[in-house]
1. How many of the residues making up the stretch 126-161 are in a loop (DSSP other than H, G, I, E, B), out of contact with any Ser or Thr (no Cβ under 9 Å at 6 or more places or on another chain) and either within 21 Å of residue 52 (Cβ to Cβ) or open to solvent by 10 Å² or more (accessible area, probe 1.4 Å) (or both)?
2. Suppose we filter the stretch 280-297 for residues that are open to solvent by 30 Å² or more (accessible area, probe 1.4 Å) and in a helix (DSSP H, G or I); how many remain?
3. Please tell me if residue 67 is within 24 Å of residue 291 (Cα to Cα) and in contact (Cβ under 8 Å) with a residue 60 or more places away in the chain.
4. Can you pull out every residue in the stretch 298-329 that is hydrophobic (A, V, I, L, M, F, W, C), open to solvent by 80 Å² or more (accessible area, probe 1.4 Å) and within 23 Å of residue 112 (Cβ to Cβ)?
5. Among 226, 235, which is the only one that is under 17 Å from residue 155 (Cα atoms), open to solvent by less than 20 Å² (accessible area, probe 1.4 Å) and in contact with a helix residue (DSSP H, G or I) (Cβ under 8 Å, 6 or more places away or on another chain)?
6. Go through 196, 123 for me and flag whichever is of a type in the set (Lys, Arg) and touching a strand residue (DSSP E or B) at 6+ places or on another chain (Cβ under 8 Å).
7. Just wondering, is there one or more residues in the stretch 260-276 that are open to solvent by 60 Å² or more (accessible area, probe 1.4 Å) and farther than 27 Å from residue 125 by Cα?
8. Filter the stretch 252-289 down to the residues that are among the polar types (S, T, N, Q) and over 24 Å from residue 93 (Cβ atoms), then identify the one that is modelled with the highest pLDDT.
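The values are calculated or read from the model by the stated rules, or taken from the named source; none is laboratory data. Because the structure is predicted, anything quoted here is derived from the model rather than measured. Ideal geometry is used to build each Cβ from the backbone, glycine not excepted, and the neighbour counts take in all protein chains shown. Just the protein is used for accessible areas: all its heavy atoms, side chains included, with ligands, DNA and RNA removed. Shrake-Rupley method; radii C 1.70, N 1.55, O 1.52, S 1.80 Å.
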Amino acid sequence: MSTRPTTRRPLLAALAAALLVLPLLAGCVGDDAAGDPWEGNQPDTLTVATGGSTGIYHAYGVAIAKVLEERYDLPVEVDETGGSVENLQSLDAGTAQVAFSAADAARDAVAGEGEFDEPLDVRALGRVYDDFVHLVVPAGSDVRSIADLRGKRVSLGAPRSGTALIAQRLLSAADVPRAALTDTRLGLDDSIAALRDGDIEAFFWSGGLRTPGLTALADDVPVRLVPLGDLVEEVRSRYGSGYRHGIVPKGMYGSSAAVETLAVPNFLMVRGDMPDAEARTLVSTLFDARSQIAAQVPSAANLDRVRAIFTDPVELHPGALRYYRETKD
């Protein structure tokens, strides 16, 4: 069970007042923008399920909370979690109202497959940025491909995380049985500490560029990313076209060359029964504050109205869809 230190920030009552000026900030908006999206039923707390404290999900969630704090007056809890699968389960249970998830985990959730015993009634607010799969080893490691992990002590990611899901799919595509390695099942923070201490020899991480925890690790210990690009087509053929080729640029985490890897989109998710006005307000605020959030989380600069609607096979929430229709050029 993952630990959950939280960031609590008093946030959102200026909602009604702030919404009056959103048309000036966000472009063409609908008539409901001038009202109270919670219609007098403002929740005591809005909980955002993110990820480990050194990953981008958490940083993005904290940045969103800060924006909401400045504009409104609703208490927001930024919840540190194991990642995508746990976040989606929290949405379903009602313990979170907003959550980050990788597209592959979200696809399983709406289909009732993998870690999900039945389909979940969840929707996307939008595609926010893409994750890149990192297979991290010490710079002097003899691991040059995923096949070289046989016999090694490896973290495949925290239980109920998107990292664990995609790591297992990569191993399967490479015909490397999970039993062929020692899996420690650690989250990002613990994986970083274990690699630094020599307790593991490699770890997987699926996250945006650049991930703060990996940047700090590379500043302390020379590390290297193992290329995964040769497995992309096999993963796509087995698990769907949501996966794509990705490149970690030269110089990232001290690398001397660009590294080919697997990339997967990330969605911001809510329950299907969230009121339309509330979902629309969250999306409009996200776009309106994009530059402010990107100053803290560079991946947020990739938020784009054209790309954000591509969340297939996960449906856009009707409130989000209304925002995109009303603000299209």
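1. Initial filter on the stretch 126-161 (in a loop (DSSP other than H, G, I, E, B)): 139-145, 150-152, 156-161.
So of that shortlist, the ones also out of contact with any Ser or Thr (no Cβ under 9 Å at 6 or more places or on another chain) come out as 139-145, 150.
Now restrict to residues that are either within 21 Å of residue 52 (Cβ to Cβ) or open to solvent by 10 Å² or more (accessible area, probe 1.4 Å) (or both): 139-142, 144-145, 150.
Residues in the stretch 126-161 being in a loop (DSSP other than H, G, I, E, B), out of contact with any Ser or Thr (no Cβ under 9 Å at 6 or more places or on another chain) and either within 21 Å of residue 52 (Cβ to Cβ) or open to solvent by 10 Å² or more (accessible area, probe 1.4 Å) (or both): 7 in total.
2. Taking the stretch 280-297 as the starting set, the residues that turn out to be open to solvent by 30 Å² or more (accessible area, probe 1.4 Å) are 288, 290-292, 295-296.
The next check asks that each one be in a helix (DSSP H, G or I); those that pass are 288, 290-292.
Qualifying residue count for the region: 4.
3. The answer is yes for residue 67.
4. Once the filter is applied, which keeps residues that are hydrophobic (A, V, I, L, M, F, W, C), open to solvent by 80 Å² or more (accessible area, probe 1.4 Å) and within 23 Å of residue 112 (Cβ to Cβ), the stretch 298-329 yields only 310.
5. Of 226, 235, the one residue that is under 17 Å from residue 155 (Cα atoms), open to solvent by less than 20 Å² (accessible area, probe 1.4 Å) and in contact with a helix residue (DSSP H, G or I) (Cβ under 8 Å, 6 or more places away or on another chain) is 226.
6. Sole residue among the options that is of a type in the set (Lys, Arg) and touching a strand residue (DSSP E or B) at 6+ places or on another chain (Cβ under 8 Å): 123.
7. Within the stretch 260-276 (the criterion being open to solvent by 60 Å² or more (accessible area, probe 1.4 Å) and farther than 27 Å from residue 125 by Cα), the answer is yes, since at least one residue qualifies.
8. 261
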